[in-house]
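The values are calculated or read from the model by the stated rules, or taken from the named source; none is laboratory data. Here the structure is a predicted model, which means the values were calculated and not measured. Virtual Cβ from ideal backbone geometry, glycine too; neighbours counted across all protein chains shown.
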Amino acid sequence: MKKIALLVMLTVLVALSVAAQAKMTIRIGHIRDTNSPTHLAALKFKELVETNSQGRIEVKVYPNSQLGDPKQMFALMQTGDLEMVYGGINTFSWIKGGEAYEITSIPFLFKDYDHMRRSLQADFFKPIQEKAEKSTGIKIININGDTAPRGLSSNRPIAKAEDFKGLKIRTAASPTVLRAMQALGAFPQQIAFSELYMALKTGVVDAQENGALVVANSSLYEVQKYYTKTDYIRDIETFYMAADKWNKLSAADKDLIFKAAEEAGNYETALTQKQLSEVYDFLRTKMTVLEPDLVSIQTKLEGAFDDYEGTKWPTGLLAKIKGIQNR
């Protein structure tokens with residue numbers, strides 16, 4: 001009997017060892033073009049995971065909305081048809097269960113990248129993240145990767161709040177962004193990012209709100225005359241994974257993926273900050289770069305989101321985020 005028990009034990013150990021060494025493919029999608037820091041960071045993540053797993057884990061990267069927009073890719077993760085997404089934390093609020101993350105789109109809330117990341121990693125945000133992960137079935141692996149703050153490009157000068165009146169502008173699908181533009185008198189419209197260049201070229205919309213790096217890397221300066229540095233919304237690229245896929249990973253693989261995401265996110269941050277130091281000089285050779293009257297814009301938006309407090313996110317969360325800024 002002892003020999004049989006020992007044999008069974010050895011069989012189980014061998015089976016577990018084989019399972020632990022089983023090959024795996026991770027597909028990761030994002031919406032940015034192949035010149036963007038986002039894509040370069042995704043390639044860095046691929047390199048790190050494949051190297052550190054000695055080729056046991058293969059990572060396939062799908063850029064430029066090949067797998068759909070953020071909502072479509074989240075849906076693919078929820079149905080088990082996609083393993084990972086690398087995209088903004090703003091977009092997590094676009095799906096049922098992630099509504100609290102709408103707070104990340106509040107205009108002028110975050111002073112800089114460090115303020116935003118420290119807020120999202122603070123102890124007071126942990127219950128919010130856990131609840132969102134449970135509700136959506138999507139795991140937030142790592143919130144890491146600076147992006148250019150959102151400004152806007154347009155075919156007419158936008159320098160103060162009144163200039164937004166009647167502006168046909170393509171925006172993100174965020175309810176906060178839509179409300180902000182409506183409060184300013186603009187007409188926000190939803191167009192897939194992959195179709196944005198032609199929409200601007202053909203006049204379907206007059207403007208769009210993305211950061212300067214997007215305007216440069218996607219050549220939007222070819223179809224827009226002005227760039228306005230509002231820097232009104234910040235975002236952080238985030239490594240998401242289908243929760244059921246994550247839960248099936250070994251502790252060692254979870255650690256490997258987290259560390260790769262941390263290094264890749266840091267790489268994106270360095271690339272973004274380097275490119276930001278150069279991009280405005282480049283854009284000034286292609287279009288007129290405007291420094292707007294931010295006070296008039298901020299004044300126009302006062303009170304526009306008061307009803308979100310205690311409905312989309314817990315009461316007091318805004319105050320806690322503003323408190324982080326002062327530490």
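Details
- Residue that is assigned by TED's automatic domain parsing to the domain that holds I28 and either buried (at least 16 other Cβ atoms within 10 Å of the Cβ) or part of a helix (DSSP H, G or I) (or both), where the choices are R179, R118: R118
- Checking each residue in the stretch 115-161 for being in contact (Cβ under 8 Å) with a residue 40 or more places away in the chain and of a type in the set (S, T, Y) picks out S119, T136, T147, S153, S154.
- Among the conditions (1) closer than 30 Å to T51 by Cα; (2) surrounded by 17 or more Cβ atoms within 10 Å (Cβ to Cβ), the only one that V279 does not satisfy is (1).
- All of L48, L82 fail the test of being assigned to a loop (DSSP other than H, G, I, E, B), buried (at least 20 other Cβ atoms within 10 Å of the Cβ) and at pLDDT 95 or above, apart from L82.
- Residue in the stretch 127-140 that is modelled with pLDDT of 95 or more, polar (S, T, N, Q), within 23 Å of V279 (Cα to Cα) and out of contact with any helix residue (DSSP H, G or I) (no Cβ under 8 Å at 6 or more places or on another chain) present: no
- Qualifying helices (runs of 4 or more DSSP H) (wholly inside the stretch 235-327; at least 2 residues being among the hydrophobic types (A, V, I, L, M, F, W, C) and within 22 Å of the chain's Cα centre (by Cα)): 243-247, 251-283, 317-325
- Subset of the stretch 186-198 [buried (at least 19 other Cβ atoms within 10 Å of the Cβ) and either in a loop (DSSP other than H, G, I, E, B) or out of contact with any Leu (no Cβ under 7 Å at 6 or more places or on another chain) (or both)]: A186, F193, L196
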